[in-house]
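Heads up, the thing below is written out as structure tokens.
The values are calculated or read from the model by the stated rules, or taken from the named source; none is laboratory data. This one's a predicted model, so the numbers in the text were calculated from it and none came from an experiment. Backbone-built Cβ (ideal geometry, glycine too); neighbour counts: all protein chains shown. Remember, those area values only see protein heavy atoms, side chains included, never the ligands or the DNA or RNA. Shrake-Rupley method; radii C 1.70, N 1.55, O 1.52, S 1.80 Å.
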Amino acid sequence: MTPPADVESAVADAYRRGWALVLAATAGVARDLDLAEECVQEAYAAALASWARDGIPDTPEAWLTTAAKRRAMDAVRREQTFRSKLPLLVEPEEAEDEPAAVEPENVVPDERLRLIFMCCHPALAQEAQLALTLRLVCGVTTADVARTLLVSEPTMAARMTRAKKKISAARIPFRLPERAELPDRLRAVLGVIHLLFTAGHTAPSGASLVRTDLVDQSIRLARTLRELMPDEREVRGLLALLLVTDARRATRVDAEGRLLRLEDQDRSLWDRSAMSEAHGLIVDGLRGGRPGRYVLQAAIASLYAEAPSYDQTDWPQIVTLYDELLAVWPSPVVALNRTVAVSMVSGPARALEEVAELEKDGRLARYPYLPAIRADLLHRLGRREEASIAYRQTLELTGNEAEREFLAERIGGCLIRPEEIPGTQGP
């Protein structure tokens, strides 16, 4: 008998590394996302008992895939038998009897990317596409998907349930789109990969700042997508954005795991090879017309990375790029990020005015970086008590432990010490 703790650890590790691949393989058999997810969940549950009795297999993901696919095939057979027994109660479904009109498998060679394209069906709202794909394909928890998309967990759970019901009710075909259909789904696919990277770059919850499995997975998907669609400028832009942002991975926390701000990071340790590759992709992306959101985001990130120091960053140019980005992607998150550069060009007071306008907008009510930026601006203006309140608001919205510890330190730094009060003396 394998110790229960070892089995639980092995199952948890297999979940982190293999959920998406197991689901992708199972969905190809079940041709129904709800059924596929149910079968995969059952396979993971079965692993707890089977591995404790028989030992942990050499290839856990292969064991789980086989178990889940068998359950899916059994369920499909039961459904087929039911339909054959009740022909008068079920309308014939020609689409199910005919072979699916798909191109060869190597059109999208990566199994996970193939499933992302399948899930990003244009009949679904974009938010539903993003939520379903992050949860089912990428294995991000519902709670973390909700944090990433700035909604409550119950709202997100309901949204995914409605999306899956629509897939079933509308009989949306579970197949790989033909090559001509790929561009129509590209925007959603890019959004999924970017949000997957975001969820890994700063994990919405947990003890570690970074989830390297999600970061590595997103970069690999972006590379595969570039091989599949090499002429798409936004694909190059996304890959550049991920590379230049991840180039700082080794310096984002100190030896004790404490978060380090950009201005405190050792730039000599940044990945120059990744930055160089990103630069080439950005140059290519800027050619041939007005650039899209990912190319512009990558250009902004590259300016931050290539500056000799934080203070020597080309802040006016960053503000200009943000203005361009807002023109092609008018997002409140972009407007908020722009205020950081504005504070370096026009001062924190001006930036604080813009943050106040974004607060009135309401769309960033659950976004922790809005009160965080406001707190930093207030602190720079010497308004410590207000800054402390804003940091506490950020703390309430933050689930990542590394960020929470950093915020606690910032709150402590806002406290007024006795020796700082006029007319008093320190101990």
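Quick notes on this structure:
- Selection count where residues are surrounded by 13 or more Cβ atoms within 10 Å (Cβ to Cβ), without any contact (Cβ under 8 Å) to a residue 40 or more places away in the chain and touching a Pro at 6+ places or on another chain (Cβ under 7 Å), scope the range 346-365: 1
- Some residue of the range 266-274 being modelled with pLDDT of 95 or more, assigned to a helix (DSSP H, G or I) and within 23 Å of the chain's Cα centre (by Cα): yes
Residue-by-condition table, conditions (1) within 24 Å of Val108 (Cβ to Cβ); (2) touching a residue at least 12 places away in the same chain (Cβ under 8 Å); (3) in a helix (DSSP H, G or I):
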residue	(1), (2), (3)
Ile219	yes, yes, yes
Thr224	yes, yes, yes
Glu234	yes, yes, yes
Leu239	yes, yes, yes
Val244	no, yes, yes
Ala250	no, yes, yes
Glu256	no, no, no
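- Residue match in the range 400-410 (condition: open to solvent by 20 Å² or more (accessible area, probe 1.4 Å), more than 25 Å from the chain's Cα centre (by Cα) and of a type outside the set (Lys, Arg)): yes
- Scanning the range 285-305 for residues that are charged (D, E, K, R) and under 25 Å from the mean Cα position of the chain (by Cα) yields a count of 1.
- Filter pass, Leu136 being farther than 23 Å from Thr245 by Cα and surrounded by 21 or more Cβ atoms within 10 Å (Cβ to Cβ): yes
- Selection within the range 11-54 - more than 20 Å from the chain's Cα centre (by Cα) and of a type in the set (Val, Ile, Thr): Val11, Thr26, Val29, Val40
- Filter pass, Ala335 being in contact (Cβ under 8 Å) with a residue 12 or more places away in the chain, crowded, with 21+ Cβ neighbours inside 10 Å and farther than 15 Å from Leu381 by Cα: no
- Which listed residue, of Ala327, Ala298, Ala278, is free of Cβ contacts under 8 Å to residues at least 40 places away in the same chain and open to solvent by less than 50 Å² (accessible area, probe 1.4 Å): Ala278
- Per the conditions (1) within 28 Å of the chain's Cα centre (by Cα); (2) surrounded by fewer than 19 Cβ atoms within 10 Å (Cβ to Cβ), the sole criterion not satisfied by Pro57 is (1).
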